[in-house]
1. Roughly to the nearest percent, how much of the accessible area of the chain is carbon and sulfur, given a 1.4 Å probe?
2. What whole number of Å gives the distance from the Cα centroid of segment 1-17 to the Cα centroid of segment 22-49?
3. Whole-Hz ³J(HN,Hα) for each residue in segment 3-8, computed from phi via Karplus 6.51 cos²θ - 1.76 cosθ + 1.60 with θ = phi - 60°, x for glycine and proline: what do you get?
4. To the nearest µm²/s, what D does Stokes-Einstein give for the chain at 37 °C and 0.692 mPa s, using the Kirkwood radius over alpha carbon pairs as Rh?
5. Any idea which of VAL24, PHE8, THR66 is furthest toward the positive side of the dipole for the chain, if Lys and Arg beta-carbons carry +1 and Asp and Glu beta-carbons -1?
6. Tell me the mean residue ellipticity at 222 nm calculated for the chain from its helices only (DSSP H runs of n ≥ 4, each -39500 (n - 2.57), averaged over every residue, nearest 500).
7. What are the ³J(HN,Hα) couplings of segment 56-69, residue after residue, when phi is run through the Karplus curve with 6.51, -1.76, 1.60 and θ = phi - 60°? Round to Hz, x for glycine and proline.
8. Rounded to the nearest 20 debye, what is the charge dipole size of the chain about its Cα centre when +1 sits on each Lys and Arg Cβ and -1 on each Asp and Glu Cβ?
Amino acid sequence: SSNERIAFVVAHLQKHHVTRPAKVATLRNHIHALFRKQLTDLEVDGIVIGMRRKHLISIGDDQRITYHLEGTVP
């Protein structure tokens, strides 16, 4: 499900906070890699949108991502 995918991505990003993608395009590529390219672009976009709706990330005008993952339970 979408929530399970978001939880998987968040868990991975929490473990690797130093190497988190800085921009949306990089995050999308990162998610594709995590799921071994088995998701469609729409599914990846759905994960990014879901993370934004859950306030796990903010996306600036320059497409830079701010993470709000500390203390969250995926």
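The values are calculated or read from the model by the stated rules, or taken from the named source; none is laboratory data. Small disclaimer: the values here were computed from a predicted structure and weren't measured. Methodologically, a virtual Cβ is constructed for each residue, glycine included, from the backbone with ideal geometry; neighbour enumeration extends over all protein chains shown. Areas reflect the complete protein model, heavy atoms only, side chains present, ligands, DNA and RNA absent. Shrake-Rupley method; radii C 1.70, N 1.55, O 1.52, S 1.80 Å.
1. 53 percent
2. 12 Å
3. Each residue of segment 3-8 in turn: 5, 5, 5, 4, 4, 4 Hz.
4. The Stokes-Einstein estimate is 269 µm²/s.
5. PHE8
6. -16000 deg cm²/dmol, from helical runs alone.
7. For segment 56-69, the Karplus-derived couplings read 8, 9, 10, 10, x, 4, 8, 6, 7, 9, 10, 8, 10, 9 Hz, x marking Gly and Pro.
8. The calculated dipole for the chain is roughly 140 debye.
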